[in-house]
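**Student:** Sharing a structure below in structure tokens format, with a few things to ask.
The values are calculated or read from the model by the stated rules, or taken from the named source; none is laboratory data. All figures in this text were calculated on a predicted structure; none of them were measured in a lab. All Cβ positions, glycine included, derive from the backbone under ideal geometry; neighbour counts span all protein chains shown. The area values use the complete protein model at the heavy-atom level, side chains included, leaving out ligands, DNA and RNA. Shrake-Rupley method; radii C 1.70, N 1.55, O 1.52, S 1.80 Å.
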Amino acid sequence: METATSVNGLTQSASKEEHQDPASLFFPNQRKKQTSSEKSLLYGVLKSPQFARKWFVRGGIALVATVAIGLLTSEWRVGITLGLFTLVGATVYGSRRESEIPRWRKPSAAQRRTEAQLKVMKQLGYRVLHARAVPGGNGQIDHFIVGRRGAFAIDSEAWDKRLPLRNKLEQLYHGRFSKNARIDEALEEARRAQELISEELGRDIRVRASLAIYGPRMPWDSHRLRGVDIITGTKVRKWLRSGRDRLNEQEIEEIHRAAEKALPPRY
């Protein structure tokens, strides 16, 4: 598989990772030890006022449900059990509805679903930007991600699940409709972002283009077509871990800062 990002030369940390267990490289969430930066990042999320407020509200809803059901049924075990289910349901619903994109520009359902997956990757040290404009054109990158495996541009799409998706002679069809124009658009956005970020950094990088598709069933988790990775929408995290690049923390932060400057917020 092609690497997502190329950086001139190998860094010291990158060379060290080559001696790690291969399973730990491809599945970073299964590493036995966290780096200090990952621990500090997770600690910062846990102690934030927004995090505490969210859990206070969810806990209040679960407590009300527990008391109400317990009083109605006179069975407090049932009330506690259903209260826990309420807490889990509120957590899942909230994670899907919350978005880092400004409230007055409501993201699409597909964008929210991808964003929910990327929240997990942020806890593993990945840096994420949402809804970024691409200067020099009218395009938008829904999600720009940079992490240990490289830099990625993802556009999220919700297509009719009733129509099959197939690759025919390097042509992507959704039912009888060609999607090549959408693929080429995503590739052009990623290439333009690559040029702008490289110019801002003063060195060349590569940004890997992709489309996360929700709706139609696909015979693959990810498939590279016309220079763009076509991803099953629910497999975004798995795809991000498949890259073979090895970026250290400093490189990740540098690319992230350059992307913030080169790709202004769309909204």
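**Student:** Quick one: which of Lys161/Lys235; Lys122/Lys261; Lys119/Lys261; Lys122/Lys179; Lys168/Lys235 span more than 28 angstrom between C-alpha atoms?
**Tutor:** With Cα atoms farther than 28 Å apart: Lys122/Lys179.
**Student:** Given R₀ = 30 Å, FRET efficiency for Asn180-Lys261 by Cβ-Cβ distance, to 0.05?
**Tutor:** So, using R0 = 30 Å, E works out to roughly 0.40.
**Student:** Further question on the same structure: Once neighbouring chains are kept in place and the probe is 1.4 Å, which whole percent of the accessible area of region 142-181 is contributed by carbon and sulfur?
**Tutor:** Solvent-exposed carbon and sulfur of region 142-181 make up 52 percent of the total.
**Student:** Please give me the summed charge of the neighbours of Ile213: other residues whose Cβ is under 13 Å from its Cβ, Lys and Arg +1, Asp and Glu -1.
**Tutor:** Neighbourhood net charge equals +1.
**Student:** Over region 157-267, give the accessible area per residue in Å² for a 1.4 Å probe, as an integer.
**Tutor:** With all protein chains present, region 157-267 gives 52 Å² per residue.
**Student:** If Ser156, Ser74, Ser108 are ordered by their accessible area, calculated over protein heavy atoms with a 1.4 Å probe, which sequence runs from highest to lowest?
**Tutor:** I get Ser74, Ser108, Ser156, largest accessible area first.
**Student:** Taking the DSSP beta bridges in region 198-237 as the whole, what percent of them are antiparallel, to the nearest 5?
**Tutor:** Beta bridges within region 198-237, antiparallel portion: roughly 50 percent.
**Student:** Take Glu260, Glu199, Glu188 and sort them by solvent-accessible surface of the protein heavy atoms, 1.4 Å probe, largest at the top.
**Tutor:** Glu199, Glu188, Glu260
**Student:** How much length is gained if the chain between Ala116 and Leu72 is pulled fully straight, taking 0.36 nm per residue apart and subtracting their Cα-Cα distance, in nm to one decimal?
**Tutor:** 12.3 nm
**Student:** While we're looking at this one, here's another question. Once you have the Cα-Cα distance between Gln123 and Val64, take 0.36 nm times their residue separation minus that, and quote the gain in nm to one decimal.
**Tutor:** So the extension gain works out to 18.1 nm.
**Student:** What residue among Gly147, Gln123, Val134 has its Cα farthest toward the positive end of the dipole of region 116-267, where the charges are +1 on Lys, Arg and -1 on Asp, Glu, each on the Cβ?
**Tutor:** Ranked along the dipole, the leading option is Gln123.
**Student:** At a 1.4 Å probe radius, which order do Met121, Met218 fall into by accessible area, largest first?
**Tutor:** These residues rank, largest area first, as Met218, Met121.
**Student:** Report the net charge of residues surrounding Arg176, where surrounding means a beta-carbon distance below 13 angstrom and charges are Lys +1, Arg +1, Asp -1, Glu -1.
**Tutor:** That sum, taken over residues with Cβ under 13 Å, equals +3.
**Student:** At a Förster radius of 35 Å, what calculated FRET efficiency corresponds to the Cβ-Cβ distance of Arg191 and Lys161, to the nearest 0.05?
**Tutor:** Approximately 0.70, to the nearest 0.05.
**Student:** What is the antiparallel percent of DSSP beta bridges lying wholly in region 123-251, to the nearest 5?
**Tutor:** Expressed as a percentage, antiparallel bridges in region 123-251 total about 60.
**Student:** Rounded to the nearest 10 Å², what accessible area does Phe152 show when all protein chains are kept and the probe is 1.4 Å?
**Tutor:** Roughly 0 Å² of Phe152 is accessible to a 1.4 Å probe.
**Student:** Also: Please pull out the direction-averaged projected area of region 203-267, using the convex hull of its alpha-carbon atoms, in nm² to one decimal place.
**Tutor:** Mean shadow area of the hull around the Cα atoms is 6.2 nm².
**Student:** Multiply the residue separation of Leu84 and Asp204 by 0.36 nm, subtract the distance between their alpha-carbon atoms, and state the gained length in nm to one decimal.
**Tutor:** 38.2 nm
**Student:** Could you size up the charge dipole of region 104-220 around its Cα centre, putting +1 on the beta carbon of Lys and Arg and -1 on that of Asp and Glu, and report it in debye to the nearest 20?
**Tutor:** Computed charge dipole of region 104-220: roughly 640 debye.
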